[in-house]
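A short worksheet on the structure shown next.
Every number here is computed from the coordinates shown, using simple stated rules; none is lab data. All figures in this text were calculated on a predicted structure; none of them were measured in a lab. For neighbour counting, all protein chains shown are included, and Cβ atoms are generated from backbone atoms with ideal geometry for every residue, glycine included.
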Amino acid sequence: MQTTPGGMTTLSGVMTVLKERGYDTEFRLLEDGRVQNAGDEDAPKFEANALKIIRTYRFEGDSNPSDSAVLYLLEHTSGQIGYIINAYGAYSDYEGDQFDDFIRKMPVEERDFE
C-alpha cells in the first residue's frame, strides 16, 4: 500500500495531485450498495463487481483519531477512474458494515497510475 504519491503526506496534498492528474471524480456509496459520482445525481451507478481498487492511501491524524481516513482510487471496467474516501473506526462516514462490505467485494490491483 502506498501512502503518498510524489511525497505528499496529507489528504489535501494527495487530492491536489490526483486532481492535477485528472482524477477528480469522487464516488459516494449509496444506500443501495452502489457508488455514484458524488456531484452528479444523473451519473451512472456502479456495483462493486464492476470496480477494482488500484491504489490505497491511509492518513492518520497526529493528535485526533477523527482525522484518520482512507482514500481508495477505483477503476471501473469502462476505464473511468475516481476515488472514495472514508474515515475509519468509530468515525466512519457510513453506518454499519455497508462500506466495509462494499470494499471487500472489489479486487485489489495496486499499481502506479499516471
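At residue 105 and residue 80, where each label point lies 7 Å from the Cα along Cα→Cβ, what is the point-to-point distance in nanometres?
Those two pseudo-labels are separated by 1.6 nm.
Once amide H atoms are built 1.01 Å from N in the peptide plane, which residues 5 or more positions from residue 30, or in another chain, come under 5 Å H to H?
Under 5 Å from the amide H of residue 30 lie the amide H atoms of 35, 36, each far enough along the sequence or on another chain.
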